[in-house]
Amino acid sequence: MSENSTESPVSGRVPLTATRAVSVFGISVVGFMTANLVPVMIVALTGGPGLSVTAAGTLMTASLLACAASCLATSRWTARGGRYVVARAGLLLTALGFGAAALAPSVPVVVAGVVLGGLGAGGAVSAGGAALGALRDPDRASGINGFVNRGVVSVVLLAIPLLGAGTGSAFGLLAGLALAALLTTGWLPERPAPVAPPADGSSSTSFSSVRTGGPARTTTSAGLGLLLCFALWALSEDSLWAVAATMGAEQARLDETGMGLVLSLSTLGGLLATAAVGLLGPRLGRTVPLAVVLVAGGALKLLAGTVTDPGWYMVVVIAWNTLYAAAFVYVVAVAAALDASGRWSAPLLGIYLVGSAFAPVFGTAVSAAAGYTALGVVLAGMTFALLIPFLAVSRVSVRTEAAARQVPGTGFPQAAIV
């Protein structure tokens, strides 16, 4: 029997339990891992199958776009109650696609497997994102989700070279993780149901009434605005990361060892940032910390385009990466808080992948045409321009969550969220 069958008849957001954590975070991590393993997968594809670097990069771009497309195509379904079907079908397709890429010697099979694996991963991302909206304390849940993602990816990136950086390890390990996550889909929290009106006929704000009339239009506008801003923010963030190595080498004389250290310490910084958000949760608030990390992140992008000392370049990029992880978590929390059904948190990572897919082209084109300093100015300007709409949507999410928290039986914590 599914854990969800034990919920009370008056349902709402549910507390984070061990089984829900394993399911929601595990499925989300597996779904989004394709994006995190792109560099390793490109190396694997140029090895066994013998693809060129350009062909391997093009294939991974196709896989990421397939992931984004399936995430967006299924997000409405997962928000309305189809998350179990989408999660199971997506994880199974991920396992089959990447499993075929890991084991088949045929290049056409590998190509088809990588694209199909991306399609399946998008379904997992959608289901995990929708389920995240059903959990209490969106800030805390999103922080833990980000921490788990960073931690698992770090372990996988360490394990793949030890197993041999070929298709068998790069794609086979992800296929195995998808099968493991498939076993946990029954623990996903269900879509919160509307709260019934009081039996005595007294007036009360129900969960569904929070989303009707004017409030519903405001929330919908905020959700759409959040998705648009997140795509542009992803473009600005990943554009810097795409040229970070070449910019460090040409501008700051940073060697490969230094860049490897930047990657390692950036991962550690991201772990610390997401852990802080997960542990402190609503005590930090949401809007003010988001404003701080966005402003500081934009300033660091500006600095990255001007720093010429290798040591200071490393410090700037590591600090920027750390703040990026915190900002990412807060935006996910905003999406989850806007609607407990997962209407906005389900498509969020798919939208991110859309922006991320075009980042390498954008970053290299701007830096080649105008230089790294101009790139820093452009990327910082994008961040500062997105600051106001991000904060406005965050405030809407706070009000929406606070309104729903006033409804008896919705499962919201009573502490106010600032």
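The values are calculated or read from the model by the stated rules, or taken from the named source; none is laboratory data. Everything numeric here is computed off the predicted structure, so don't read it as measured data. All Cβ positions, glycine included, derive from the backbone under ideal geometry; neighbour counts span all protein chains shown.
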2 or more residues of a type in the set (Val, Ile, Thr) and over 12 Å from the mean Cα position of the chain (by Cα): qualifying helices (runs of 4 or more DSSP H) within segment 290-375: 310-338, 359-370
LEU72 being touching a residue at least 24 places away in the same chain (Cβ under 8 Å), closer than 30 Å to ALA273 by Cα and of a type in the set (A, V, I, L, M): yes
Residue under question is ALA62, and the condition is that it be surrounded by fewer than 19 Cβ atoms within 10 Å (Cβ to Cβ), over 22 Å from ALA130 (Cβ atoms) and under 20 Å from the mean Cα position of the chain (by Cα); does it hold? yes
When restricted to ALA68, ALA73, the only residue within 18 Å of the chain's Cα centre (by Cα), at pLDDT 85 or above and crowded, with 19+ Cβ neighbours inside 10 Å is ALA68
Which one is farthest from ARG150 (Cα to Cα) among residues in segment 247-272 that are free of Cβ contacts under 8 Å to residues at least 12 places away in the same chain and not charged (D, E, K, R)? ALA249
Selected residue (only one of ALA340, ALA299 is buried (at least 19 other Cβ atoms within 10 Å of the Cβ) and either in the same structural domain as VAL393 (by TED's automatic domain parsing) or polar (S, T, N, Q) (or both)): ALA340
If you go through TYR330, TYR313, the only one that is among the hydroxyl-bearing types (Ser, Thr, Tyr), crowded, with 23+ Cβ neighbours inside 10 Å, within 25 Å of ARG399 (Cα to Cα) and in contact (Cβ under 8 Å) with a residue 24 or more places away in the chain is TYR330
Residue list for segment 79-110, filter: crowded, with 19+ Cβ neighbours inside 10 Å and of a type in the set (Val, Ile, Thr): VAL86, THR94, VAL110
Looking at segment 257-274, which of its residues are surrounded by fewer than 17 Cβ atoms within 10 Å (Cβ to Cβ) and touching a helix residue (DSSP H, G or I) at 6+ places or on another chain (Cβ under 8 Å)? LEU261, LEU272
Restricting the first residue to segment 353-366 and requiring it to be surrounded by fewer than 16 Cβ atoms within 10 Å (Cβ to Cβ), which pairs with a second residue that is of a type in the set (A, V, I, L, M) meet a Cβ separation below 9 Å and a spacing of at least six or different chains? VAL361/ALA242; THR364/ALA242; THR364/VAL243
Please enumerate the residues belonging to segment 383-418 that are at pLDDT below 80 and hydroxyl-bearing (Ser, Thr, Tyr). THR410
Give the residue that is surrounded by the fewest Cβ atoms within 10 Å (Cβ to Cβ), with candidates limited to residues of segment 38-53 that are more than 18 Å from ALA66 (Cβ to Cβ) and β-branched (Val, Ile, Thr). VAL53
Could you tell me how many of the residues in segment 158-183 are surrounded by 17 or more Cβ atoms within 10 Å (Cβ to Cβ) and closer than 27 Å to ALA326 by Cα? 5
For ARG286, work out the one condition from (1) farther than 26 Å from PHE25 by Cα; (2) buried (at least 17 other Cβ atoms within 10 Å of the Cβ) it doesn't fulfil. (1)
Considering only residues that are in contact with a helix residue (DSSP H, G or I) (Cβ under 9 Å, 6 or more places away or on another chain) and outside any helix (DSSP H, G or I), look in segment 125-137 and name the one that is nearest to PRO49 (Cα to Cα). GLY133
Could you count how many residues in segment 160-180 are in a helix (DSSP H, G or I) and modelled with pLDDT under 85? 4
Could you tell me whether any residue of segment 188-211 is assigned to a helix (DSSP H, G or I), under 22 Å from the mean Cα position of the chain (by Cα), closer than 30 Å to SER23 by Cβ and at pLDDT 80 or above? no
